[in-house]
Amino acid sequence: MEEKTPPGFQFVIKAHESITHQHSKDYKINCQKFKEALQPLEENVKLGGILAQFPYSFQNNKENRKYLLDLKESFSPFPLIAEFRRREWQQEALFKLLQENNIAYTCVDEPQLKGLMTPLAVRTAPLAYLRFHGRNSSSWWNHKKPYERYNYLYSQEELAEWVPRINKIRQGAEKLFISFNNHFQAQAVANARMMQKILKKAESQNDKMPTRKQQ
């Protein structure tokens, strides 16, 4: 991965499921092995952070909040980005906890089904992170193959909805990553290119806006 990418390219690597989904007693050993595997990226300044994407079963309780902080320590000094699936994590107390421990919050776009995350624009660390999963409501819970959940192509209008939110989370951020997980039939690539054009157009329009003279 390091050899196939140019200088300046950065990855956000998703933590292995043995760390985020299985909660093995050996998770600290797994974290260490994971960090060792990422050394080529770290040594060449290509590691933007580690994404810990937790499943819907990961509830907002004292035990899991402690586990999150333990992961932050285990992955140090690599930046940790936390992604949750249960809406109960979306509360000010959690945002404060992440901010105090320099853990980046993952803003998500996904189907607006009961219990899932809403599209909040929140940044809790110098690193801002946004992840698009698609809005395939019919296949999110009911699918025969995992990839069916992410079979979705965003429209221009749906992506444009995020421009004000992106402007909010990128303000004061050291870097912003936008990831598309609607990978079925390369729809993620198409939407990523679409989003680049949308943001470039928005930035161009902002540059052309006249500044108000102070009286």
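Taking only the stretch 1-42 into account, find how many residues are over 23 Å from residue 125 (Cβ atoms) and of a type in the set (D, E, K, R).
Summing the residues that are over 23 Å from residue 125 (Cβ atoms) and of a type in the set (D, E, K, R) in the stretch 1-42 gives 8.
If I ask for residues that are basic (Lys, Arg) and either farther than 30 Å from residue 7 by Cα or exposed (fewer than 12 other Cβ atoms within 10 Å of the Cβ) (or both), which ones from the stretch 68-99 would you list?
Hits for the stretch 68-99 are 85, 86, 87, 96.
Take the residues of the stretch 169-189 that are in contact with a strand residue (DSSP E or B) (Cβ under 9 Å, 6 or more places away or on another chain) and of a type in the set (A, V, I, L, M, F, W, C): which is farthest from residue 140 (Cα to Cα)?
Applying the filter and picking the extreme gives 173.
Tell me the residue from 151, 142, 102 that is surrounded by fewer than 19 Cβ atoms within 10 Å (Cβ to Cβ), without any contact (Cβ under 8 Å) to a residue 40 or more places away in the chain and on the phi > 0 side of the Ramachandran plot, please. Give the steps one after another, and end with the answer.
Details: 151 fails: on the phi > 0 side of the Ramachandran plot; 142 fails: on the phi > 0 side of the Ramachandran plot.
102 is the lone residue from the list that is surrounded by fewer than 19 Cβ atoms within 10 Å (Cβ to Cβ), without any contact (Cβ under 8 Å) to a residue 40 or more places away in the chain and on the phi > 0 side of the Ramachandran plot.
Please specify each residue of the stretch 16-30 satisfying the condition of being surrounded by fewer than 16 Cβ atoms within 10 Å (Cβ to Cβ), in contact with a helix residue (DSSP H, G or I) (Cβ under 9 Å, 6 or more places away or on another chain) and assigned to a helix (DSSP H, G or I).
28
Can you work out which of the residues in the stretch 41-67 that are in contact with a Leu (Cβ under 8 Å, 6 or more places away or on another chain), among the hydrophobic types (A, V, I, L, M, F, W, C) and without any contact (Cβ under 8 Å) to a residue 40 or more places away in the chain is surrounded by the fewest Cβ atoms within 10 Å (Cβ to Cβ)?
47
Given the conditions (1) of a type in the set (A, V, I, L, M); (2) more than 13 Å from the chain's Cα centre (by Cα); (3) within 20 Å of residue 103 (Cβ to Cβ), which single one is not true for residue 130?
(2)
None of the figures in this text is laboratory data; all of them are computed from the coordinates on show. Nothing here was measured: the structure is a model prediction, and the numbers come from that model. Cβ sites come from the backbone with ideal geometry, for glycine too, and all protein chains shown count toward neighbours.
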